[in-house]
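The structure under discussion appears below in the form of structure tokens.
No lab work stands behind these numbers, since they all come straight from the coordinates. Owing to the predicted nature of the structure, the values given are computational and were not obtained by experimental measurement. Because the Cβ atoms are built from the backbone with ideal geometry, glycine has one as well, and the counts that use them run over all protein chains shown.
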Amino acid sequence: MKLKSLLVSLGLLAGASLVHAEDPFKVGFVYVGPVGDLGWSYEHDMGRKGLEEYFGDKVETTFVENVPEGADAERVITQLAKSGNDMIFTTSFGFMNPTVKVAKRFPNVTFEHATGYKLSKNLGTYVLRTYEGRYISGVTAGMMTKTDTIGYIGSFPIPEVIRDINAVYMGAKSVNPDVKIKIVWANTWYDPGKETDAANALMDQGVDILLQHTDSPAPLIAAEKRGLRGIGQASDQSKFAPKAHIFSVRDDWSPYYIKQVQAVMDGTWEPKDFWGGFQDDMLTLASINSNLPADVRAKIDETHDKIKSGEFKPFTGPITDNKGNLVVPANHSLTDVELAKVNWYVEGITDEIPR
Amino acid sequence: MDSDLIIQILFAAIKTGTPLLFIALGEVICEKSGVLNLGQEGMMLMGAVVGFLAAYTTGNAGLGVIAAMLMGSIMSLIFAFLVLHLGANQVATGLALTIFGTGLSAFIGSGVVGQTLQGFQPIAIPLLSDIPYLGRILFQHDILVYTSFVMTFVLMFVVNKTRIGLTLKAVGENPHAANAIGIKVLRVRYLAVMFGGVMAGISGAYMSLVYTPMWVENMTAGRGWIALALVVFASWRVGRIMLGAYLFGLASIMHLVLQGLGWSISPNLLAMLPYVATVVVMVIISADKFKEKLLSPRSLGKPFDPRQMA
């Protein structure tokens, strides 16, 4: 990371001295984890590579990995903006305020922030409909669990994670009325040690199917060791747990990155809040394990197809929260704006959102 | 909570406490000789990354541990040379060692981030593992955990009952007196520091080969610092270090367990527990100046030059 930032500043010097008529379009990426996390940041980097492959010499990309969410992020984003990048993607929720600040200072650079909700004239946001994958995960977990207890390792209690927990529970409940969900907050996006502790704490308490909103394969490895099952997050994590792995909900960012870079090149880019899911091929089910029972496999495919075709939307009313309030009226599906504000647990989750 | 759950929590506490136990055992020996090494975290990280690299390339976890021990001792030798030979400030040198180890380990491990390997598998000890309750808590671990048990008892014996232990304490309490009766003070300190390095290496290897069999930058997450607090917590007694390590281990997993049970306590507050415990013990110990002096090795952190008189 240090080396990378050095290269970035060298790039700044080089960019200042060499002015070409046909400069490539420069795109910078900021990752919260290492590109080798084989989860969230890894997939963003795959998206970056997809971008390079598609545009060839017309595009030049840089990335900075392992950027902490906070003051450091602002420094890194500023550096990328200064070093002549035409477009910058910041790929974690915690980069929101730093991105907003830097975007204000560099009006000629286009910014895109993943999973956030603040827009400005040169700042757009993009997010995955991860809840679609979570719903399928929930259906699968609900069918597979023998203890009627599924576990969820949360990262931080932000709307995205709360929404996904709800989606998992609704999915599980739709096939198994007795199912319970146990939630543990690890307060990290990536810390294999803590994720292992969290996984073991859940399994000790009767959880036999693990879901996670953290990015390392550690929980799957822990499940494999104990002969229990888990679902991969963000990228294909099957190789870490050949027996335990049920499937992975894989993020695919390249279609979006290609589309947006093209839009800026063409001058048609507008700040938008974009939501991509199975329909946009930005989510896929990867490496569905061949050791699943046939009925589970059939149900996975059925749910997947219904969501992909748009026939079924997980957050369709009536939905009551666990305090008894009607949060989604009958015949209404939450809009994207409403989805971004989910701050309740659905009825049946016997837990409270930490404040 | 049923008894099954309690057993599993205690089992997990031992697993979580083991890296702390290894590194704190090393540090206590080092401190008993009068040398304060704040480079624990750096040595541990280097042990973790080198152990992982060795095990990953050879496919043999045992070789990984040996490589980690070697790496730990090399790191500690750098430290020992600077503070014992050149008389550098122990606190500053130790801090530098941690910063150095953190950076270097991230650099040499960048190629294997996200890889995983088959670490040590648990071995149930025949007969002992059949003891009700205790058997499941203590005797169904992996080889490194058993090593830490044996290590603790061997060190308790060596420090309290043998001539080696006496020599070590003499050097740490009053190096000039020890020197006068013919003990080679610097040699004893070199060995004690190296022992600390070897233990830090094993501790790191435990993290990257057993606990979470993968390498990630900064994966020890401050355990080296907790170990330093643990030595004070245990008031420099080997036996108490074992107890303390498991208590700290328990405290660090308790917040996850309680969340799973549905307690609505802020997880951040619970995650703070081990650190609060350390501060409380430090306060209790240092409240009594006389007691503090009695407990800590008297020449801790002071350089020794045989040419100078006491």
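Could you pull out every residue, at least 5 positions away or on a different chain, whose amide H is within less than 5 Å of the one on A:HIS332? Hs are placed 1.01 Å off N in the peptide plane, and Pro or chain starts have none.
Long-range HN contacts for A:HIS332: A:GLY317.
Alpha carbon centre of segment A:219-262 versus segment A:157-195: separation in Å?
If you average the Cα positions of each part, the centres end up 16 Å apart.
Relative to the Cα centre, what is the charge dipole magnitude of segment A:96-232, using +1 at the beta carbon of each Lys and Arg, -1 at the beta carbon of each Asp and Glu, and rounding to the nearest 20 debye?
Here the size comes out at about 540 debye.
Using bins 10 angstrom wide from zero, how does P(r) for chain A break down, in % of all Cα pairs?
Bins of 10 Å from zero give 5, 25, 33, 23, 11, 3, 0 percent of pairs.
For segment B:3-295, what D do you get in µm² per second when you plug the Kirkwood radius from alpha-carbon pairs into Stokes-Einstein at 25 °C and 0.890 mPa s?
The diffusion coefficient I find is 125 µm²/s.
Can you give the log10 of the normalised intensity I(q)/I(0) at q = 0.09, 0.12, 0.15, 0.17 Å⁻¹, computed with Debye over equal Cα scatterers of segment B:14-172?
Computed log10 I(q)/I(0) values: -0.37, -0.65, -0.95, -1.12.
Where Rh is the Kirkwood radius over the Cα pairs of segment B:166-310, the temperature 37 °C and the viscosity 0.692 mPa s, what D in µm²/s does Stokes-Einstein return?
183
Just to be sure I follow the definition: excluding the sites themselves, where is the longest run in chain A that has none of the GluC sites (Glu not before Pro) in a DSSP loop with at most 10 other Cβ atoms within 10 Å?
That gives A:23-310 as the longest site-free run.
Considering lysine pairs in segment B:3-295 that are 8 or more places apart or on different chains, how many have Cα atoms under 20 Å apart?
Eligible lysine pairs with Cα atoms under 20 Å apart amount to 10.
What number, rounded to the nearest 500 deg cm²/dmol, is the helix-based mean residue ellipticity at 222 nm of chain B, given -39500 (n - 2.57) per DSSP H run of at least four residues and division by all its residues?
-22500 deg cm²/dmol
Treating only the Cβ of Lys, Arg, Asp and Glu as charged (+1, +1, -1, -1), what charge dipole size does segment B:3-295 show about its Cα centre? Round to the nearest 20 debye.
800
Using unit Cβ charges (K, R positive; D, E negative) and no other charged atoms, how large, in debye to the nearest 20, is the dipole of the protein assembly as shown about its Cα centre?
2700
Taking N as the number of residues in the protein assembly as shown, what is its Cα Rg relative to 2.2 N^0.38 Å?
Rounded to two decimals, the normalised Rg is 1.05.
Which whole number gives the average count of other chain Cβ atoms within 10 Å of the Cβ atoms across peptide B:68-78?
Mean number of neighbouring Cβ atoms from other chains: 0.
Mind listing the long-range amide H neighbours of A:THR149? Cut-off is under 5 Å, sequence gap 5 or more, other chains count too, H placed in the peptide plane at 1.01 Å from N.
Residues meeting the criterion, in which the H sits 1.01 Å from N, are A:LYS180, A:ASP208.
Beyond a 23 Å Cα-Cα separation, which of these cross-linked pairs lie in this structure: A:LYS173/A:LYS194; A:LYS313/A:LYS341; A:LYS173/A:LYS225?
Beyond 23 Å between Cα atoms: A:LYS173/A:LYS194; A:LYS173/A:LYS225.
Under 5 Å between amide hydrogens, which residues at least 5 positions from A:TRP189 or on another chain qualify, with H placed 1.01 Å from N in the peptide plane?
Under 5 Å from the amide H of A:TRP189 lies no amide H from a residue far enough along the sequence or on another chain.
For segment A:183-311, what size does the Cα cloud have along each of its three principal axes, sorted from largest down, in whole Å?
55, 35, 24
Excluding A:GLN205 itself, what net charge comes from residues whose Cβ is under 12 Å from its Cβ, given Lys and Arg +1 and Asp and Glu -1?
Here the count lands on -2.
Normalising by the residue count of segment B:118-185, find the relative contact order in percent from Cα pairs under 8 Å and 6+ residues apart.
Taking the mean separation of contacting Cα pairs over the length of segment B:118-185, I get 18 percent.
When you look at the Cβ of every residue in A:29-42, what mean number of other chain Cβ atoms sits within 10 Å?
Taking all residues of A:29-42 together, the mean is 3.
Report Rg (one decimal) and Dmax (nearest whole number) for segment B:57-135, counting Cα atoms only, units Å.
Every Cα atom of segment B:57-135 included, Rg and Dmax give 19.0, 55 Å.
Around B:ALA227, with a cut-off of 13 angstrom between Cβ atoms, what is the net charge of the other residues, counting Lys and Arg +1 and Asp and Glu -1?
With Lys, Arg at +1 and Asp, Glu at -1, the net is -2.
Please report the spacing between the Cα centers of segment B:77-125 and segment A:81-150 in Å, no decimals.
Using only Cα atoms, the two centres lie 35 Å from each other.
Compute and list, largest first, the equivalent-ellipsoid semi-axes of segment B:195-280 from the alpha carbon gyration tensor, each √(5λ) rounded to a whole angstrom.
Here the semi-axes work out to 24, 19, 11 Å.
Restrict the search to segment B:108-186; then list the chymotrypsin sites (Phe, Trp or Tyr not before Pro) that DSSP places in a loop and that have at most 13 other Cβ atoms within 10 Å of their Cβ.
B:TYR133
Antiparallel DSSP bridges in the protein assembly as shown: what percent, to the nearest 5?
Restricted to the protein assembly as shown, the bridges split so that about 20 percent are antiparallel.
³J(HN,Hα) across segment B:198-204 via Karplus (A = 6.51, B = -1.76, C = 1.60, θ = phi - 60°), whole Hz, x for Gly/Pro?
4, 5, 4, x, 4, 4, x
Just flag the trypsin sites (Lys or Arg not before Pro) in segment B:133-215 sitting in loop per DSSP whose Cβ has no more than 14 other Cβ atoms within 10 Å.
When the trypsin sites (Lys or Arg not before Pro) of segment B:133-215 are filtered for loop state and at most 14 Cβ neighbours within 10 Å, B:LYS184 remain.
Can you give me the relative contact order of chain B as a percent, contacts being Cα pairs under 8 Å and 6 or more apart?
36
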